[in-house]
Amino acid sequence: MSDLDHIRREYALKGLDREDLLDSPVALFQRWFQDALDAKVHEPNAMTLATVQSDGRPAARIVLLKGLDERGFCFFTNYDSDKGLQLSERPVASLVFFWPEMERQVRVEGPVGRVSTEESEDYFHKRPRGAQIGAWASDQSRVIPDRAWLEGRMKELEKRFENEEVIPLPEHWGGFRVTPEKIEFWQGRPNRLHDRFRYSLDESQEWRIERLSP
């Protein structure tokens with residue numbers, strides 16, 4: 001661990017100028033996401049989700065982006081999990097995408113709300129059958145005695161649903177949508193003089209674009 005101060009990478013792939021931006025930050029994100037797909041970035045839809053705990057402390061974990069349009073960024077989870085309960089109590093969140101292969105980062109901030117039951121059902125039934133049963137089996141974030149207990153629970157539910165062609169959506173499971181109020185695009189540059197542009201909604205709900213100091 002004594003070598004941590006020597007771990008360093010110089011960013012020099014490309015820059016980000018004002019003329020590279022689009023009027024819509026969501027459209028720009030979609031362009032960057034396609035760039036990440038084309039570059040074969042590992043888990044390009046992985047994002048850090050930061051929420052607020054009941055005592056005001058932050059909590060963060062990696063989740064997967066599973067939907068995006070002008071309304072916002074969607075992910076799915078157990079509503080009774082720690083993050084689900086935190087978002088129900090304090091419905092605001094931050095997201096961070098980091099694509100090191102492209103020397104790019106995107107930050108998103110905004111209020112959070114549940115997606116419709118129809119949207120949750122649509123995504124739920126696109127998941128592999130094992131993942132659908134897993135959503136029923138897991139009391140996410142709760143303490144369990146051991147791995148054997150979890151595997152036993154999974155077997156019980158596999159038996160329960162073995163004759164069911166369509167597994168029903170659990171009441172405790174569904175999607176959240178983060179509606180962006182701020183989106184920042186970060187492009188790594190040499191000497192840590194990175195390019196940063198922030199989109200933020202003004203009082204008329206129009207996007208204001210500002211360059212930030214690195």
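Here, each number is a calculation from the coordinates, and none is a lab measurement. Since we're looking at a predicted model, the values are computed, not measured. Here the Cβ is made from the backbone with ideal geometry for all residues, glycine too, and neighbour counts use every protein chain on show.
Rounded to the nearest Å, what's the spacing between the alpha carbon centres of segment 106-144 and segment 158-193? Just the number, please.
When both Cα centres are located, 7 Å separates them.
Given the DSSP H assignment, sum -39500 (n - 2.57) over each helix run of at least 4 residues in the chain and divide by its residue total; what's the result at 222 nm in deg cm²/dmol, nearest 500?
-7500 deg cm²/dmol
Residues of segment 77-94 with the amide nitrogen closer than 19 Å to a label point 7 Å from the Cα of residue 150, along Cα-to-Cβ, please.
Correct set: 77-85.
With a point put 7 Å past each Cα toward its Cβ, work out how far residue 193 is from residue 205 in nm, to one decimal.
The answer from the label model is 4.0 nm.
Using each residue's phi in segment 42-48, evaluate 6.51 cos²θ - 1.76 cosθ + 1.60 at θ = phi - 60° and report the 3J(HN,Hα) Karplus result to the nearest Hz, with x for Gly and Pro.
5, 6, x, 8, 6, 9, 6
Do any trypsin sites (Lys or Arg not before Pro) in segment 21-62 lie in a loop, going by DSSP, with at most 13 other beta-carbon atoms within 10 Å of their beta carbon, and if so which?
Here the sparse-neighbourhood loop sites are 40.
Quick one: if you stick a label point 7 Å off each Cα along the C-beta vector at residue 85 and residue 212, how many nm between them?
Computed distance between label sites residue 85 and residue 212 equals 3.2 nm.
For segment 126-168, with the dipole built from +1 on Lys and Arg beta-carbon atoms and -1 on Asp and Glu ones, taken about the Cα centre, which of 149, 134, 161 lies farthest toward the positive end?
Value: 134.
Could you give the size of the charge dipole of segment 126-168 about its Cα centre, using +1 on the Cβ of each K and R and -1 on the Cβ of each D and E, expressed in debye and rounded to the nearest 20?
140
Using the Karplus curve 6.51 cos²θ - 1.76 cosθ + 1.60 with θ = phi - 60°, work out ³J(HN,Hα) for each residue of segment 186-192 in order, rounded to whole Hz, and write x for Gly and Pro.
Each residue of segment 186-192 in turn: 10, 10, x, 9, x, 6, 6 Hz.
For segment 107-164, run through the trypsin sites (Lys or Arg not before Pro) and keep only the ones in DSSP coil with at most 16 other Cβ atoms within 10 Å of their Cβ.
Here the sparse-neighbourhood loop sites are 126, 142.
As an exercise, identify the GluC sites (Glu not before Pro) in segment 1-71 lying in DSSP coil whose Cβ has no more than 11 other Cβ atoms within 10 Å.
Hits after loop and neighbour filter: 10, 70.
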